[in-house]
1. Given A:PRO365, A:PRO459, which one is surrounded by fewer than 21 Cβ atoms within 10 Å (Cβ to Cβ), assigned to a loop (DSSP other than H, G, I, E, B) and not assigned by TED's automatic domain parsing to the domain that holds A:GLY45?
2. Only one of these is in the same structural domain as A:THR172 (by TED's automatic domain parsing), at pLDDT below 85 and buried (at least 18 other Cβ atoms within 10 Å of the Cβ): A:HIS143, A:HIS88. Name it.
3. Kindly indicate the residue of the range A:368-392 that is in contact (Cβ under 8 Å) with a residue 12 or more places away in the chain and part of a helix (DSSP H, G or I) and also surrounded by the most Cβ atoms within 10 Å (Cβ to Cβ) among those meeting that condition.
4. Quick check: anything in the range A:27-35 more than 8 Å from chain B (Cβ to nearest Cβ), farther than 23 Å from A:ASP212 by Cβ and at pLDDT 80 or above?
5. Could you list, in sequence order, the residues of the range B:181-198 that are assigned to a helix (DSSP H, G or I) and within 7 Å of chain A (Cβ to nearest Cβ)?
6. Restricting attention to the range A:127-168, which residues are of a type in the set (Ser, Thr, Tyr), in contact (Cβ under 8 Å) with a residue 12 or more places away in the chain and not in a helix (DSSP H, G or I)?
7. Within the range B:240-260, can one find any residue that is among the hydroxyl-bearing types (Ser, Thr, Tyr) and under 18 Å from the mean Cα position of the chain (by Cα)?
8. Checking A:ILE103 against (1) surrounded by 20 or more Cβ atoms within 10 Å (Cβ to Cβ); (2) more than 24 Å from the chain's Cα centre (by Cα); (3) at pLDDT below 90, which test does it fail?
Amino acid sequence: MVDAPKLIEARGISKQFGGVEVLSDIDLDLHAGEIHALIGENGAGKSTFVKILAGVHTPTRGSIKMNGDAVNVTSPIAAQELGIALIHQEPVSFPDLSVAENIVMGRKGGGLLSRVPWATIIADARRYMDMLGVSIDVTRPMHGLSIANQQMVEIARALASDSRLIIMDEPTAPLTPREVDTLFAIARQLRDEGRTIIFISHRLEEVRMLCDRLTIFRDGSHIATQTVASIPEDEIIRLMIGRELKKYMRKHTASIGETALEVSGLTLPGAFEDISFTLRKGEIMGLGGLVGAGRTDVARALFGIEPAKSGKIKVGGRDAKIQRPPDAIDLGLAFVPEDRAGHGIFGTLPVEHNITAAIPGKIAPSGVISRALERGFSRKSVDDLSIRLASLNQPIVELSGGNQQKAILARWLLTEPEVLILDEPTRGIDIGVKAEFYDMIGDLAEAGRAILLISSELPELLSLCDRILVMAEGRITAEIPRDEANQEKVMQAAVPRSGIAA
Amino acid sequence: MTDTTPTREMAPARPTWHVVLVRPETMTLLLIIIGLVGASILSPFFLDASYIMRSFTLTAEMSIVALVLTMVIISGEIDLSPAANMALSACVFAWVQDAGVALPLAVIVGLLAGLAMGALNAFMSIRMQLPSIIVTIGTLIFFRGLAQIIAGDRSIRVPESFVGINAVMVFGVPLPVVIFVLCAIVLGLVLGTTVIGRQIYQIGTNQQAALHAGINAKRIKVGLFLLLGVVSAAAGMMAASRLGSVRYDLVLGGELQMVLMAMLGGTYIFGGRGTILGTFLAAWLLVIVSTGMTVANLLPAIQLTVLGILLIVAIIATNFIYARTQR
């Protein structure tokens, strides 16, 4: 591997945004025919770096050589012509065009008025989707596809562009384990054909399974590049966060009290069926399963966003009718949604307005907002959750993902909820802040709150939860107490029955 | 998305002068000053407060409606029917009093007509979840058509006792201007200091997030459409009082001028941003610019061109400012 030909030599790459240096003097060599992991906390500069390679951003300083020749990647089109493809973290597609058109998007050929070779396009698209093991009609429009399938289309687009360097920015986040396996098989095949892949992921086990070498970024600087086999996991974590992480997660030891939430026979046709469980004060109950198993739908129904058609909900021992979110809030429920940007934050509004959004009665006892009360509540939240910000008046989009998530959590803690539903609360959050979240969740349970934690990360469920419910295809398939829980049991219950029929 | 601009959380807070300077209202105020100076150079008679006030009464009704429209736009909707609503409400009012209904009752009938029009817009835009821009283009034509059915091509006279709201002076200021200023103060306080106002911004910024935060977006939006309906009707009858008679083509095309006021004042057409102060200033700006051009004897065609350029400049400036503050 050492004397493998170099595909990319990046030297002294630096990037400033509005006077703030987000990348400083990055030197990085990429070999032909390797899968190279790029890891680091959120905000370390990984995405910025690959966007420079892909022509989305231009570097403030630095040079890039490709196969020994200096190149200027001034635009995504220039990158495409050089054979560099970027698979975005969040799929970017043309929702009204067909899957096939999205796959061949950007392909050259013919003049402005020449005929579109539909048959070839559709056949090609179908071939790439078959390769990825995805069975969707390539002539259907993009919109309505699941995030996982949209991601697969992105990947197919990169394949179709026949690139020498394929950059995958957190491609596996929305995928099921089976889809991840397929993706990895294809990545290996591409590597064996001599292509180079940059793989960005927060999941270290994936990096270990797939990658040949890894590079660690921290605070916009290049920290280390090593072969994956030669570096132990705790060393990677230490290099990523720059300090020893003592307790990565902890099991909390709250005393479990009386019943806070009781659900029986909850059904919403097409989403989930016959969901029954009891959640007690001080308890952290995990809800595991694959993406699309109906976990989020259950949470949304409990919170009144899309109520269930039948079934009973009891809160604090009393029958509850939850038809709209305000009903749920009045009953002491709180819900931190999975889609932070879409369902959580008011992006352009001040952090302060975001934090106090769910407690209008408390900041405005008379209907007129008291600046002092509002300041008091938000100041205390910022201190309690150590939200890092420049000013409470700052638009919340200017904060990092982890701090945005803290602000949303703060919003709900201010309602003093009895039952807290957290849907993938640590998704896309770097390890340091994740640990803070785990501590907070534990503290909340110790304070007697009942917590329903939806998570796709098994280690999170296993180490935090007193009990794990597993859902598959809209039904609860297992209830596993903490001392019996392990990865195999959860996964076995999570895989749809048709998948394990033997 | 989260790690494209890593050091955001470390970015320093903006200094106060910067925050004030990049507000879109500052731009509107600046234009007003330029307009005042320019117009007074063109004509020494221009800088006469009572002249400007009298000019303002001509658009005071529309300016009042534009204040409520600003709130509708901030909430993420739009209503293009208020000018037609003004005409239809005024026609209904004039028609029923012409048919012998007592004046106070006729006023109430006119207001109820406006409320019903607001309810129709609300029902289709909010309850049926149709895009409000299409709905209100439809109702704009529909209301105008109904007004023409009621009034035909003739003018309906209103009783002598009802005529002349613009001649009523309160401490030397015409009553329509006083009403406009009071409306601006009240609505400005509602939007700027109350929970409802806060929630209007939140709905307009991200309706899904508002739903998840327990904010009843539908109720607030329905309320805004109803308010706009009633206020439009009141404005229509104010116009009837000023003109002394009502025709179906009352304030024809006025919806564009109302939207222009909101946009010039820095309201963001996609919702979530804007202020009553901005629209308030923009209403004055428009009057100053158009009367300034009139006293300078500019041709109407040129005046229209200047207004068009103003709108384009305002939109570019607003978007530029928002893009800069958002990075």
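The values are calculated or read from the model by the stated rules, or taken from the named source; none is laboratory data. On a predicted model such as this, the values are computed, not experimentally measured, just so you know. Every residue, glycine among them, receives a Cβ derived from its backbone with ideal geometry; neighbour counts consider all protein chains shown.
1. On the way: A:PRO459 fails: assigned to a loop (DSSP other than H, G, I, E, B).
Going through A:PRO365, A:PRO459 in turn, just one is surrounded by fewer than 21 Cβ atoms within 10 Å (Cβ to Cβ), assigned to a loop (DSSP other than H, G, I, E, B) and not assigned by TED's automatic domain parsing to the domain that holds A:GLY45: A:PRO365.
2. Numbers: A:HIS143 fails: buried (at least 18 other Cβ atoms within 10 Å of the Cβ).
Exactly one of A:HIS143, A:HIS88 is in the same structural domain as A:THR172 (by TED's automatic domain parsing), at pLDDT below 85 and buried (at least 18 other Cβ atoms within 10 Å of the Cβ), namely A:HIS88.
3. My answer is A:SER378.
4. Our first condition is that a residue be more than 8 Å from chain B (Cβ to nearest Cβ); within the range A:27-35, this holds for A:27-35.
Filter again for farther than 23 Å from A:ASP212 by Cβ, leaving none.
No, the range A:27-35 contains no residue that is more than 8 Å from chain B (Cβ to nearest Cβ), farther than 23 Å from A:ASP212 by Cβ and at pLDDT 80 or above.
5. We begin by selecting, within the range B:181-198, every residue assigned to a helix (DSSP H, G or I); these are B:181-193, B:195-198.
Hits for the range B:181-198 are B:THR193, B:VAL195, B:ARG198.
6. Narrowing the range A:127-168 to residues of a type in the set (Ser, Thr, Tyr): A:128, A:135, A:139, A:146, A:161, A:163.
Applying the additional criterion that residues be in contact (Cβ under 8 Å) with a residue 12 or more places away in the chain yields A:128, A:139, A:146, A:161, A:163.
Listed by number, the residues that qualify are A:THR139, A:SER146, A:SER161, A:SER163.
7. no
8. (2)
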